[in-house]
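Trainee: I am attaching a structure below and will ask some questions about it afterwards.
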Amino acid sequence: MVTATREKIIHTPNELEAYRERLSKKNKQNARSVRVCIGTGCAAKGSRRLFELFCEAAAQTASGNGGDSEVPGRAVVIESKHVGCHGLCELGPIVVIEPGEILYHSVEEPDVAEIFRETILGGRVVERLLYEDPKTGKRAKTPVEIPFYNVQKRIVLQQNGRIDPTDIDDYIAVGGYSSLAKALSSMTAEEVIDQVDEAGLRGRGGGGFPTARKWRSCRSVPLSDGIRYLICNGDEGDPGAFMDRSVMEGNPHSVLEGMIIGAYAVGASQGYIYVRNEYPLAVEHLKLAIDQARKIGVLGENILGSGFSFDIRINRGGGAFVCGESTALMASLEGRAGEPRAKYIHTVESGLNGRPTVLNNVETWANIPAIIGRGASEFSSIGTGNSKGTKVFSLVGKITNTGLVEVPMGITLRRIIEEIGGGVKDGKAFKAVQTGGPSGGCIPAEHLDAAVDFDELTRLGSMMGSGGMIVMDEDTCMVNVAKYFLGFLRSESCGKCTPCREGIAQMLAILERISRGEGDPADLEKLETLAELLTEGSLCALGKTAANPILSTLRYFRGEYEEHIRNQRCPAKECKGLFIYQIDPETCTGCGICRKNCPVKAITGERKQPHVIDQGLCTKCNTCFEKCPFGAINKV
């Protein structure tokens with residue numbers, strides 16, 4: 001790494017390009033490499049130990065051939081590197097071998113020796129570790145052969161899984177900081193903003209506000225001292241979301257480069273990255289990236305000899321969801337309680353410390369180097385009329401391939417769920433997909449062919465949000481879904497304004513009554529009235545959008561609410577007390593497992609004879625359903 005091995009600082013764009021050329025020549029040597037994912041998902045499955053084992057194996061063969069070689073007598077150069085999230089989290093740990101970009105999944109410690117012997121040294125493929133298409137049974141050697149990857153369009157995630165996030169040399173070798181050099185050496189600040197404007201980039205943090213308009217407004221504010229601030233919002237708080245975390249962990253320099261270019265464009269001298277304290281690996285990699293960027297000369301004083309100076313520091317948030325809101329985040333940075341303020345004064349005019357401030361999220365900043373480097377036209381050629389480029393989503397829930405995906409704007413929900421995600425798990429029927437986090441809505445099967453862009457998702461009663469996408473199957477109760485998100489928002493509301501503080505609590509109380517079978521037909525009208533009051537009267541976006549889960553589920557699944565209220569029945573059989581357990585006498589073998597495990601002795605029956613549940617004693621604890629090995633317990 002740069003901080004440990006080199007004291008030389010690059011002073012000009014030409015020196016940066018010369019250094020990149022030297023790195024490229026070095027990488028073109030006849031080398032074999034193994035890339036091990038250490039993103040949070042794979043690391044949880046033991047990938048860090050895999051990396052250590054590959055390093056040990058490489059060290060043992062460093063002095064000789066150790067296996068077959070294309071050139072007799074030449075030692076094999078073996079490089080082991082850890083990389084960020086590949087995206088296919090469901091099948092981690094992921095290991096990729098070069099040359100050939102052979103992808104192995106679900107790798108375990110005993111597999112390391114075989115991979116090293118057969119593939120790295122012998123050039124042979126370990127078939128059992130390749131991806132197998134569940135529909136065709138065909139095995140895929142490389143990512144481009146796997147539907148999960150080949151449907152995607154990667155800009156922000158292009159280098160995730162390819163470069164070592166802890167080594168700036170890896171980033172520079174693939175073109176890193178060339179966009180910064182271009183901006184500082186051949187573009188004015190106005191020209192940079194114009195390029196972002198022509199690209200049509202909209203903020204990826206949830207609101208979808210045009211990025212260039214925000215930058216231009218901040219730059220145009222007259223100041224006597226010229227102090228402006230730049231902030232990267234890494235406070236990703238949506239349940240099930242891990243897009244920004246994966247970018248910060250896997251390619252932190254892309255975020256830094258975007259921020260430095262943005263700072264040059266708006267005239268900012270100090271930047272902040274506000275990161276959730278629950279993201280320790282992201283914080284570690286960002287800290288290291290900042291130190292390396294300062295050391296090499298692309299961050300700090302007189303960057304690349306341009307006369308422009310800018311620095312970045314990291315601030316860690318305490319986990320408050322409301323601090324994802326711009327003014328609450330800035331209040332937290334100032335050392336105050338993370339509470340939003342009214343928006344009659346925009347933060348681009350008076351933000352952090354009362355100064356003009358630009359705030360964008362991680363994904364927005366990571367798009368900037370691609371726009372400046374490749375040109376606005378290439379970026380704007382992707383997507384739809386008002387939604388350009390790509391969007392990163394965390395695809396989770398009742399889906400076969402959970403993971404991190406980046407898709408072109410305008411792709412349909414169906415393609416994401418069925419082609420990339422592999423469809424709903426266990427052959428269940430698709431019911432809905434929730435987008436936009438707790439403030440988003442649930443979209444049913446009838447709209448699966450809708451385009452994924454800012455305007456279309458809003459029209460359907462949801463939103464793009466920061467990029468969470470939760471898939472639900474036929475066994476999901478939509479009343480329960482709305483109750484879950486309202487419960488989350490109630491606990492995360494700062495309580496500053498009455499509509500949000502009291503409105504969410506009242507709506508949640510109604511949902512809880514309905515889910516217990518104690519609802520009243522008038523409750524649905526009350527929910528809609530409260531939703532309108534909440535939307536109109538709340539101070540910030542948390543309250544203004546809090547009703548979306550209720551409004552969207554009422555819009556598309558009203559019959560499910562009515563079943564809970566009128567018939568005290570949960571069609572999805574999730575709400576306790578609104579369904580019963582019965583034993584199918586045709587399936588029951590009389591094994592007695594359910595009877596032995598029932599905590600209230602509600603099940604009776606002779607051995608090898610069908611058993612029966614006493615509904616008067618049954619507490620609906622679900623134990624019998626979980627324990628029956630034959631699937632003889634039904635929810636009705």
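Trainee: Looking at segment 440-457, which of its residues are in a helix (DSSP H, G or I), within 20 Å of the chain's Cα centre (by Cα) and surrounded by fewer than 24 Cβ atoms within 10 Å (Cβ to Cβ)?
Mentor: Passing the criteria: only Phe454.
Trainee: Please count how many residues of segment 196-232 are more than 16 Å from Val358 (Cβ to Cβ) and modelled with pLDDT of 95 or more.
Mentor: Number of matching residues: 3.
Trainee: Scan Pro252, Pro239 and give me the residue that is within 26 Å of the chain's Cα centre (by Cα), buried (at least 24 other Cβ atoms within 10 Å of the Cβ) and in contact (Cβ under 8 Å) with a residue 24 or more places away in the chain.
Mentor: Exactly one residue qualifies, and that residue is Pro252.
Trainee: I'm checking my understanding of the structure. Among residues of segment 87-138 that are hydroxyl-bearing (Ser, Thr, Tyr) and more than 25 Å from the chain's Cα centre (by Cα), which one is farthest from Glu249 (Cα to Cα)?
Mentor: Taking the candidates together, the pick is Thr136.
Trainee: Which number in (1) surrounded by fewer than 16 Cβ atoms within 10 Å (Cβ to Cβ); (2) touching a residue at least 12 places away in the same chain (Cβ under 8 Å) marks the one condition that Thr545 misses?
Mentor: (1)
Trainee: Condition check: in contact (Cβ under 8 Å) with a residue 24 or more places away in the chain and on the phi > 0 side of the Ramachandran plot. Does Gly338 satisfy that?
Mentor: Considered against the rule, which asks whether it is in contact (Cβ under 8 Å) with a residue 24 or more places away in the chain and on the phi > 0 side of the Ramachandran plot, Gly338 comes out as no.
Trainee: Tell me which of these Asn361 doesn't satisfy, since it passes every other one: (1) in contact with a helix residue (DSSP H, G or I) (Cβ under 6 Å, 6 or more places away or on another chain); (2) closer than 30 Å to Glu17 by Cα.
Mentor: Going through (1) in contact with a helix residue (DSSP H, G or I) (Cβ under 6 Å, 6 or more places away or on another chain); (2) closer than 30 Å to Glu17 by Cα one by one, Asn361 breaks only (1).
Trainee: Just a yes or no: is a residue in segment 310-333 of a type in the set (D, E, K, R), modelled with pLDDT of 95 or more and not in a loop (DSSP other than H, G, I, E, B)?
Mentor: yes
Trainee: For segment 368-421: of the residues being part of a helix (DSSP H, G or I) and acidic (Asp, Glu), which is farthest from Glu456 (Cα to Cα)?
Mentor: Glu378
Trainee: Could you count how many residues in segment 270-298 are modelled with pLDDT of 95 or more and over 19 Å from Thr166 (Cβ atoms)?
Mentor: Going through segment 270-298 one residue at a time, the tally reaches 4.
Trainee: Moving to a separate point now. Considering only residues of segment 601-617 that are touching a residue at least 24 places away in the same chain (Cβ under 8 Å) and not in a loop (DSSP other than H, G, I, E, B), which is surrounded by the fewest Cβ atoms within 10 Å (Cβ to Cβ)?
Mentor: In this case the residue turns out to be Val612.
Trainee: With Cys624, Cys588, Cys594 as the choices, which residue is assigned to a loop (DSSP other than H, G, I, E, B) and surrounded by 14 or more Cβ atoms within 10 Å (Cβ to Cβ)?
Mentor: Cys588
Trainee: Looking at Ala546, Ala531, can you tell me which residue is closer than 30 Å to Pro340 by Cβ, in a loop (DSSP other than H, G, I, E, B), among the hydrophobic types (A, V, I, L, M, F, W, C) and not assigned by TED's automatic domain parsing to the domain that holds Gly208?
Mentor: Ala546
Trainee: So which of Asp473, Asp523 is within 30 Å of Glu418 (Cβ to Cβ) and at pLDDT 95 or above?
Mentor: Being within 30 Å of Glu418 (Cβ to Cβ) and at pLDDT 95 or above holds for just one of Asp473, Asp523, which is Asp473.
Condition check ((1) surrounded by fewer than 20 Cβ atoms within 10 Å (Cβ to Cβ); (2) touching a Phe, Trp or Tyr at 6+ places or on another chain (Cβ under 8 Å); (3) assigned to a loop (DSSP other than H, G, I, E, B); (4) not small (Gly, Ala, Ser)) across all residues:
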| position | (1), (2), (3), (4) |
| --- | --- |
| Met469 | no, yes, no, yes |
| Asp475 | yes, no, yes, yes |
| Val481 | no, no, no, yes |
| Leu486 | no, no, no, yes |
| Ser491 | yes, no, no, no |
| Gly495 | yes, no, yes, no |
| Cys500 | no, no, no, yes |
| Ala505 | yes, no, no, no |
| Ile514 | no, yes, no, yes |
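Trainee: When you check Asp449 against the structure, is it acidic (Asp, Glu), in contact with a helix residue (DSSP H, G or I) (Cβ under 8 Å, 6 or more places away or on another chain) and farther than 23 Å from Pro210 by Cβ, yes or no?
Mentor: Yes, satisfied.
Trainee: For the structure I just gave you, tell me whether Gly100 is without any contact (Cβ under 8 Å) to a residue 40 or more places away in the chain, in a loop (DSSP other than H, G, I, E, B) and farther than 24 Å from Gly373 by Cα.
Mentor: Against the criterion (without any contact (Cβ under 8 Å) to a residue 40 or more places away in the chain, in a loop (DSSP other than H, G, I, E, B) and farther than 24 Å from Gly373 by Cα), Gly100 does not qualify.
Trainee: I want to confirm something. Restricting to segment 186-235 and keeping residues that are among the basic types (Lys, Arg) and closer than 15 Å to Phe379 by Cβ, which single residue is farthest from the chain's Cα centre (by Cα)?
Mentor: For segment 186-235, the residue satisfying everything is Arg202.
Trainee: Out of all the residues in segment 570-585, which are surrounded by 17 or more Cβ atoms within 10 Å (Cβ to Cβ) and in a loop (DSSP other than H, G, I, E, B)?
Mentor: Residues satisfying the conditions are Cys570, Pro571, Ala572, Lys573, Glu574, Cys575, Leu578, Phe579.
Trainee: Also: Filtering segment 240-258 down to residues that are touching a Gly at 6+ places or on another chain (Cβ under 7 Å) and assigned to a loop (DSSP other than H, G, I, E, B), which residue is nearest to Ile371 (Cα to Cα)?
Mentor: Asn251
Trainee: Restricting attention to segment 371-385, does a residue exist that is out of contact with any helix residue (DSSP H, G or I) (no Cβ under 9 Å at 6 or more places or on another chain), surrounded by fewer than 19 Cβ atoms within 10 Å (Cβ to Cβ), touching a residue at least 60 places away in the same chain (Cβ under 8 Å) and not small (Gly, Ala, Ser)?
Mentor: Yes, segment 371-385 contains at least one residue that is out of contact with any helix residue (DSSP H, G or I) (no Cβ under 9 Å at 6 or more places or on another chain), surrounded by fewer than 19 Cβ atoms within 10 Å (Cβ to Cβ), touching a residue at least 60 places away in the same chain (Cβ under 8 Å) and not small (Gly, Ala, Ser).
The values are calculated or read from the model by the stated rules, or taken from the named source; none is laboratory data. The structure presented is a predicted model; accordingly, all values stated were derived computationally and were not measured. Note: ideal-geometry Cβ built from the backbone for every residue, glycine included; neighbour counts use all protein chains shown.
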